[in-house]
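The values are calculated or read from the model by the stated rules, or taken from the named source; none is laboratory data. Not measured: the values here are computed from a predicted model. Every residue, glycine as well, gets a Cβ built from its backbone with ideal geometry; the counts of neighbours run over all protein chains shown. Heads up: the accessible areas ignore ligands, DNA and RNA and are worked out on the full protein's heavy atoms, side chains in. Shrake-Rupley method; radii C 1.70, N 1.55, O 1.52, S 1.80 Å.
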Amino acid sequence: MKLIDRVKNILLSPKEEWPTIAGESETTQSLYTGYIMILAAIGPIAMLIHTLAVGAVFAIVFYLISLGTCYIVAWLVDMLAPTFGGEKNFIQSLKLTAYAYTAAWLAGIFQLLGMLGGLLGLLAACYSLYTFYLGAPVLKKCAAEKAVPYTIVVVLCVLVAGAVIGALLRSAMYGGMMTGL
């Protein structure tokens, strides 16, 4: 499926798109090169445009973190699936994660708008959670009634992992001083 069609469908009709996605044969490489790497670049490119040369290194680091985060979240989604009656299948987990991130990645362009962009990005992130919720029963084969707790647990795990990684990065940046925690 073409990238633009997939983006349009996941944003405008996610409930109908998830069964199509579930039936597609993908690999980690095809998902990354055909979708994840392209959409994850939107925010860093907008950041780069917004901050010009000063933000180039930060934009690259942010892009790499986005790529890694998608993989780690997919791993968490896959690891947690049996807890909610779902099937372990990393490719389906990566598809669920990558396509659910669509709205959030596209909202990266709103970084050009400053604080208003941050609010629009937050709304897009909420919509991404909604698309994840819709896709979880289809791609991970969990019962529909377990999709909400599954989504909540994934979000909580991602938040905890992000806090731990953030603390470790701050510690490394400030020479072991855990300032700002």
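Sorted largest first, the spans of the alpha carbon positions of the range 8-71 along the three principal axes are 43, 25, 15 Å.
Rolling a 1.4 Å probe over the protein heavy atoms leaves Ser25 with an accessible area of roughly 120 Å². Solvent-free Debye calculation, one equal scatterer per alpha-carbon of the range 41-181: log10 I(q)/I(0) at 0.15, 0.16 Å⁻¹ equals -0.83, -0.92.
Can you give the charge dipole size of the range 5-156 about its Cα centre, rounded to the nearest 20 debye, using +1 on the beta carbon of Lys and Arg and -1 on the beta carbon of Asp and Glu?
120 debye
Across the range 100-181, Cα-Cα pairs farther apart than 22 Å form 47% of the total. The GluC sites (Glu not before Pro) of the range 1-72 that meet both conditions, a loop assignment by DSSP and at most 16 other Cβ atoms within 10 Å of the site Cβ, are Glu24, Glu26.
A cut-off under 12 angstrom between Cβ atoms defines the neighbours of Trp18, and their net charge, with Lys, Arg +1 and Asp, Glu -1, is +2.
Distance between the pseudo-spin-label points of Ala125 and Met37 (7 Å out from Cα toward the beta carbon): 2.7 nm.
For the range 67-140, the Kirkwood hydrodynamic radius from C-alpha pairs, put into Stokes-Einstein at 37 °C and a viscosity of 0.692 mPa s, yields a diffusion coefficient of 257 µm² per second. Apply the Debye scattering formula to the range 44-100, with a single equal point scatterer on each alpha-carbon and no solvent, then give log10 I(q)/I(0) at q = 0.13, 0.18, 0.25 Å⁻¹. Those come out to -0.45, -0.63, -0.86, one per q.
Scanning the chain for DSSP H helices at least 24 Å long along the axis (C-alpha atoms) with a Kyte-Doolittle mean no lower than 1.6 picks out 56-80, 147-173. Mean residue ellipticity at 222 nm from the helices of the chain, using -39,500 (n - 2.57) per DSSP H segment of n ≥ 4 over the full residue count, to the nearest 500 deg cm²/dmol? Mean residue ellipticity, 222 nm, calculated: -22500 deg cm²/dmol.
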